[in-house]
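Please treat every number below as a calculation from the coordinates, not as lab data. Just so it is clear, the structure is predicted and the values come from calculations on it, not from any experiment. Cβ: placed from backbone, ideal geometry, glycine included. Neighbour counts: every protein chain shown.
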């Protein structure tokens with residue numbers, strides 16, 4: 001029985017990794033996958049860059065919550081909504097994804113490559 005439970009845990013880790021789900025609880029998505037999620041209105045886009053980076057161009061309708069302010073702003077977010085986190089390269093958004101999943105947010109997507117890989121419409125402010 002012990003071998004079976006070890007096998008089951010191993011299988012689940014391999015399966016979740018293959019599906020793009022991190023053991024941290026969020027899912028990495030490409031810019032192309034993110035665009036589909038946005039177009040289907042499945043996610044709220046959270047841009048966690050600095051205000052200056054945001055003003056230089058962001059995904060339309062993205063909410064700006066800089067990574068440094070994220071923990072203070074958690075109260076403004078609904079835990080049962082799906083969020084797509086975006087930064088410049090995907091590093092800060094991965095950190096933010098870890099924060100949200102550790103606070104029991106249910107559906108979190110991290111856009112790998114960040115705005116560097118975003119080839120779609122951009123808003124400027």
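At a temperature of 20 °C and a viscosity of 1.002 mPa s, determine how fast region 25-117 diffuses translationally according to Stokes-Einstein, using the Kirkwood radius over alpha-carbon pairs as Rh; express D in µm²/s, rounded to the nearest whole number.
168 µm²/s
Which FRET efficiency, nearest 0.05, do residue 82 and residue 56 yield, Cβ-Cβ r, R0 22 Å?
After rounding, the FRET efficiency stands at 0.25.
Where does each of 89, 104, 97 land when they are ranked from fewest to most other beta-carbon atoms within 10 angstrom?
104, 89, 97
Going by a ≥ b ≥ c, the root eigenvalues of the Cα gyration tensor, does region 30-76 fall in the rounded group (a/c under 1.5), the prolate group (a/b larger than b/c) or the oblate group?
Verdict is oblate for region 30-76.
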